[in-house]
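A.B. asks: Below you'll find the structure I mean.
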Amino acid sequence: MEQEIKDHPVVSEEEWLKARIALLKAEKELTRHSDEVARQRQQLPWVRVDKEYVFDTDKGKASLADLFCGRSQLLIYHFMFGPEYEAGCPSCSSIADDFNGFAVHLAHHDVMLAVVSRAPLAKLQEYKQRMGWSFPWASSFGSDFNYDFKVSFTEEEQRSGAVAYNYRTGNVSSRANEIEALQETPEAGKKIAATVGTDWPTYTREAPGMSAFVLKDGVVYHTYSTYERGLDGLWGMYQWLDRAPLGRNETGNTMWFRRHDEYGDKGKAGSCCA
């Protein structure tokens, strides 16, 4: 996507260095604050998970404890792929593009990464093959897992507006990133939903998130969950764009990105040099 480059201050190297050093101070403060937040995150109390959940995986039926695959820690990405979807959410898909690369490093650091969605396993496997992914992806179809961890909602909840998401209660269709698109472009909701082959209400009965668990003495504990912009730090693409001259450049269009196989030749890394 070609971006308009507006006029911007142009200064000498000395003036730039002065401004850069001032920014470095702010960056260091942010890093230190981030370290402190991480410490607080790890100090959260745990909640014992006594409920039995059954997942469908490539290796058959599995419990939540089975998803640890011998590790003591489990990180689950709640991927938006409902039973009615024909394809995975494009936002979740762009986040998941990074998983193959770092999952192996996490596994060797006693942390298992898994993805869970409500769609039947066959749909997940087909989409996973299309995307060229190899990370573990389990189906929670038929279980309460997504509902209990506040990333799936019933039609009744949606109609009543009593949807609990990101630690507040309200209409799921008012999730921050989507509503901005709807306000600026009335047809945006339909376009977003169309990318997964469904309508807006059905699309928004699923939501993104991630949850962390620990396995101690055979017992699973829930330690942390985050949603909405709490996922920004997991989105590798955003970390790079935040350091690019024009930033994320999302104004007026939250769906500027596509699945990696939908860009065409221009989307291939290094294609300009081919």
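What follows is calculated from the coordinates using simple rules that are stated; it is not laboratory data. Here the structure is a predicted model, which is why all the values come from computation and not from measurement. Reconstructed Cβ throughout: ideal geometry from the backbone, glycine too, with neighbour counts over all protein chains shown.
A.B. asks: Give the number of residues within region 211-229 that are surrounded by 15 or more Cβ atoms within 10 Å (Cβ to Cβ), over 20 Å from Arg259 (Cα atoms) and not aromatic (Phe, Trp, Tyr).
C.D. replies: Residues meeting the conditions: 9.
A.B. asks: Something else about it: Test each condition in (1) over 20 Å from Cys69 (Cα atoms); (2) in contact (Cβ under 8 Å) with a residue 12 or more places away in the chain; (3) loosely packed, with under 13 Cβ neighbours inside 10 Å for Ser134 and report the one that comes out false.
C.D. replies: Here Ser134 clears every test but (1).
A.B. asks: Are any residues in region 57-91 among the hydroxyl-bearing types (Ser, Thr, Tyr) and closer than 12 Å to Val116 by Cβ, and if so, which ones? Step through it out loud before you land on a result.
C.D. replies: Restricting attention to region 57-91, the residues satisfying the condition of being among the hydroxyl-bearing types (Ser, Thr, Tyr) are 57, 63, 72, 77, 85, 91.
Within region 57-91, Thr57, Tyr77 qualify.
A.B. asks: Do you know which of the residues in region 120-167 that are hydrophobic (A, V, I, L, M, F, W, C) and out of contact with any strand residue (DSSP E or B) (no Cβ under 7 Å at 6 or more places or on another chain) is farthest from Asp50 (Cα to Cα)?
C.D. replies: Only one residue tops the list, namely Met131.
A.B. asks: A follow-up question, please. Please find, within region 62-114, the residue that is nearest to Glu155 (Cα to Cα) out of those that are touching a His at 6+ places or on another chain (Cβ under 8 Å) and not in a loop (DSSP other than H, G, I, E, B).
C.D. replies: Ser93
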